[in-house]
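Okay, structure first, notes after.
Where a number appears in this text, it was derived from the coordinates with a stated rule and is not lab data. What you see is a predicted model; the values in this text were computed from it and never measured. Backbone-built Cβ (ideal geometry, glycine too); neighbour counts: all protein chains shown.
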Amino acid sequence: MEKNIELFTILQEECGELIVAISKIKRFGVSEDNMERFEQEVADVICMLYLANEKGLINLDQLEDKIKLKENKLKKYSNLYD
């Protein structure tokens, strides 16, 4: 269980760093440096999600239905899908 807590802690930290990178883009605009930081933070979060999958904490194959639910909400409540 201790390793799971460590994984969750690092994932939480990486999500926080991704939030900061997005905030910098919103505040200071899209620049090469800001986008590079954003991409690195996205990669770090994805890495931790892959690790959570390997450890059996999530099952990426079984998330497809949940992803579709989110896509449907976005289609209904946002302008991201045309």
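Structure notes:
- Listed residue pairs exceeding 31 Å between alpha carbons, taken from K3/K26; K26/K76; K55/K76; K24/K68; K26/K75; K3/K75: K3/K26; K55/K76; K3/K75
- Considering helices alone, the calculated mean residue ellipticity of the chain at 222 nm is -27000 deg cm²/dmol, with DSSP H runs of length four and up weighted by -39500 (n - 2.57) and normalised per residue.
- Listed values for the stretch 63-76 are Karplus-derived 3J(HN,Hα) couplings in whole Hz (6.51 cos²θ - 1.76 cosθ + 1.60, θ = phi - 60°), namely 7, 4, 4, 5, 5, 4, 4, 5, 4, 5, 5, 5, 4, 7, and x replaces Gly and Pro.
- Unit charges at the beta carbon, dipole of the chain: most positive-side option, A43, L69, C15: L69
- Relative contact order of the chain, taken over Cα pairs closer than 8 Å and 6 or more residues apart, is 25 percent.
- Largest mean-square fluctuation among L63, L18, L49, in a Gaussian network model of the chain whose springs join Cα atoms under 10 Å apart, belongs to L63.
- Computed about the Cα centre, the dipole magnitude for the stretch 5-82 is approximately 580 debye when only Lys and Arg (+1) and Asp and Glu (-1) carry charge, each at its Cβ.
- In a fully extended conformation the segment linking L63 and K3 would gain 19.3 nm over its present Cα-Cα distance, using 0.36 nm per residue.
- Beyond 14 Å, the tail of the calculated P(r) for the chain holds 71 percent of the Cα pairs.
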